[in-house]
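K.L.:
There's a structure below that I have some questions on.
The values are calculated or read from the model by the stated rules, or taken from the named source; none is laboratory data. Not measured: the values here are computed from a predicted model. All Cβ positions, even for glycine, are placed from backbone atoms using ideal geometry, and neighbour counts span all protein chains on display. Remember, those area values only see protein heavy atoms, side chains included, never the ligands or the DNA or RNA. Shrake-Rupley method; radii C 1.70, N 1.55, O 1.52, S 1.80 Å.
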Amino acid sequence: PLDRLENLDPRSVQHQGESVLALVQELAERDLSAPRTGDAAWTDLLGFVTVHWPAAWTIPLSIAGLSLLLVVCAVVLLRTELGVGGLLLGLLAAFLTLVLTIVLGLGLTWLISQVAGEPSPWTAYPLATRVALWAGSLLCAGLAAGVLARRAGAWGLALGTWLLWALLALVLGFVLPGLSILFLLPAFAAGVLFMIVALTPLVRSRVAREVAFVMPALAGGALWLPLAFGFESAVGFDLSPAITLAVGLTATGLVPFFALPKGRRLGGSMTIAAAFVVVAAAIAAMLLPPYSASDPQRVNLYHVEDRDTGSAYWAGNALLGTMPASLLSRFDPEPAAVFPWQSGLYMVAEAAFTDAPAPGLEVLSDLMEAGQRVVEVQLRSPRGADGIALHVPVDTLAGGELPAVRVAGYSFNVVPGDAVQGYYSLDCFGRACDGLVVELRLENDAPVEVLVVDSTSGLPAGGEDWLRARPDTAVPRNEGDLMLVMKRVDL
């Protein structure tokens, strides 16, 4: 919402330019006449190195990684006190950690949203919610391990954890090989390290065993925690399972450390501390303001004139949140439908008409071809608006293989799924839209009522008070504030 020229950092432009230039230079040095075929499975490790292989290798590598871990399980079962039951409990502990983390994340984000009274109350200050979710993953790991650690032991929890990763890698190898690699690499590392320890005298060394536990856990965190930040940036906490999946997977790597000897393990005190952090961070997330001047809410204001019904009104729309109180008090209590071609509700208030001329269209030709009516119209905006939209009832447009709309030489087939509120909408942006010629292919020669709407950026005279009422914690989004004039035309 703050993407404006005055906020543009030249270093960001330079950085993106350098990235594109580096890519072009690399491609210029390649022989692109015979490029490699097929897909690759790949990932980067903290941005330092890229690991990749042909996607077809993923399933064989996944089978090899799972087989390696199964061999390690057999060796550990023979050389230690671990039993099959303990191994299965370790697998259960890892699975419970992952599931509980996702469920707890859903519950926390729902509770924070309900108490704060906003759908996305973490927009301005996401740290508190992030801390609650991340600490929640540690809490879930502690609870799952605390119940099962005594019977599973450190080896059972470790092998169970990475068996789960290897199984997920194998399953995903068949459907999403590009994602499978994120599970396979840490699981393969665990299998190799565990094998080294299990087949040598190091099996009796606590230090060697714990180093073998640490390394794949670090690898898993290096792959998945950056994704947690990425998901948070892309979808926010509104889609918390995407974030808690990544954090929960990382937490499964910590499960074995709850079964280590005293003095080196994550015990009950760590679980209690995690629970305290979850509660404190969740309360902070509920109390912090949802928006700020640097992370504002997105609120658009409109001046709308319907010349056919003789109504004019101010309208407002807040994206993913409640309307700011300073604006809400100026609107009528109940929201209403404003635009016939949209299903959304807007806050509205009565407004005065302006003297702006209404948009319209001129029929250039009206012919019958093969039982269908072909009408050529020219859109007009006498006030020189910034854009024009033409909304045509979908059930009047011809179907079949012939294009239903032709604009500036380009043909478009009507897709029923694109219809909203029974209208097919054609939007043209720019002042050159005045005079745009559109050809409509109609189903028959029955009269058709179309809706022509033109829009200009900003609000007309009288909108200054509305702009002053919008707080600095709210800004326009996408097309911004608009003045719209609509007119129905019979064809």
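K.L.:
Exactly one of these conditions fails for Ala325: (1) surrounded by 17 or more Cβ atoms within 10 Å (Cβ to Cβ); (2) within 25 Å of Thr109 (Cβ to Cβ); (3) out of contact with any strand residue (DSSP E or B) (no Cβ under 7 Å at 6 or more places or on another chain). Give me its number.
P.N.:
(1)
K.L.:
Is there any pair with a first residue in the range 182-204 that is under 15 Å from Trp162 (Cα atoms) and at pLDDT below 95 and a second that is surrounded by fewer than 22 Cβ atoms within 10 Å (Cβ to Cβ) and of a type in the set (Asp, Glu) whose Cβ atoms are under 9 Å apart and which are 6 or more apart or on different chains, and what are they?
P.N.:
none
K.L.:
Then there is this: Just give me the residues in the range 306-322 being surrounded by fewer than 18 Cβ atoms within 10 Å (Cβ to Cβ), part of a strand (DSSP E or B) and of a type in the set (Gly, Ala, Ser), in sequence order.
P.N.:
Ser311, Ala312, listed by residue number.
K.L.:
Could you tell me whether Gly86 is open to solvent by less than 30 Å² (accessible area, probe 1.4 Å), farther than 18 Å from Ala275 by Cβ and either in contact (Cβ under 8 Å) with a residue 40 or more places away in the chain or in contact with a strand residue (DSSP E or B) (Cβ under 9 Å, 6 or more places away or on another chain) (or both)?
P.N.:
The answer is yes for Gly86.
K.L.:
Six or more apart or on different chains, Cβ atoms under 6 Å: show the pairs whose first residue is in the range 405-416 and modelled with pLDDT of 80 or more and whose second is part of a loop (DSSP other than H, G, I, E, B) and not hydrophobic (A, V, I, L, M, F, W, C).
P.N.:
Ser411/Pro403; Phe412/Pro403; Asn413/Pro403
K.L.:
Follow-up question, since we're still on this one. Looking only at the range 457-491, count how many residues are among the small types (Gly, Ala, Ser), open to solvent by less than 20 Å² (accessible area, probe 1.4 Å) and over 20 Å from Gln297 (Cα atoms).
P.N.:
Selection size over the range 457-491: 0.
Let's see how each residue does on (1) part of a loop (DSSP other than H, G, I, E, B); (2) buried (at least 18 other Cβ atoms within 10 Å of the Cβ):
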| position | (1), (2) |
| --- | --- |
| Thr354 | yes, no |
| Ala358 | yes, yes |
| Ser365 | no, no |
| Val374 | no, no |
| Ala385 | yes, yes |
| Leu390 | no, yes |
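K.L.:
State all residues of the range 183-195 that are open to solvent by less than 40 Å² (accessible area, probe 1.4 Å) and out of contact with any Ser or Thr (no Cβ under 6 Å at 6 or more places or on another chain); if no residue qualifies, say none.
P.N.:
Phe183, Pro186, Ala187, Ala189, Ala190, Gly191, Phe194, Met195
K.L.:
Got at least one residue in the range 454-467 being at pLDDT 90 or above and more than 30 Å from Ala293 (Cα to Cα)?
P.N.:
yes
K.L.:
Does any residue of the range 116-136 turn out to be in contact (Cβ under 8 Å) with a residue 12 or more places away in the chain, more than 19 Å from Gly248 (Cβ to Cβ), open to solvent by 20 Å² or more (accessible area, probe 1.4 Å) and part of a helix (DSSP H, G or I)?
P.N.:
yes
Residue by residue, here is whether (1) closer than 17 Å to Ala144 by Cβ; (2) surrounded by fewer than 16 Cβ atoms within 10 Å (Cβ to Cβ); (3) β-branched (Val, Ile, Thr); (4) touching a residue at least 60 places away in the same chain (Cβ under 8 Å) holds:
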position: Val247; (1), (2), (3), (4): yes, no, yes, yes
position: Leu254; (1), (2), (3), (4): yes, no, no, yes
position: Pro261; (1), (2), (3), (4): no, yes, no, no
position: Gly268; (1), (2), (3), (4): yes, yes, no, yes
position: Val278; (1), (2), (3), (4): yes, no, yes, yes
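K.L.:
How many residues, within the range 40-59, are out of contact with any strand residue (DSSP E or B) (no Cβ under 6 Å at 6 or more places or on another chain), open to solvent by 80 Å² or more (accessible area, probe 1.4 Å) and modelled with pLDDT of 90 or more?
P.N.:
2
K.L.:
Name, by its number, the condition in (1) touching a Ser or Thr at 6+ places or on another chain (Cβ under 9 Å); (2) closer than 22 Å to Gly83 by Cα; (3) among the charged types (D, E, K, R) that does not hold for Arg151.
P.N.:
(1)
K.L.:
Please determine, by comparing only the residues of the range 20-39 that are open to solvent by 60 Å² or more (accessible area, probe 1.4 Å) and not in a loop (DSSP other than H, G, I, E, B), which one is nearest to Ser292 (Cα to Cα).
P.N.:
The extreme case among them is Val20.
K.L.:
Sticking with this one: Can we say Arg330 is open to solvent by 70 Å² or more (accessible area, probe 1.4 Å) and among the basic types (Lys, Arg)?
P.N.:
So Arg330 fits the description; yes.
K.L.:
Mind counting the residues in the range 442-491 that are at positive phi and of a type in the set (D, E, K, R)?
P.N.:
Qualifying residue count for the region: 0.
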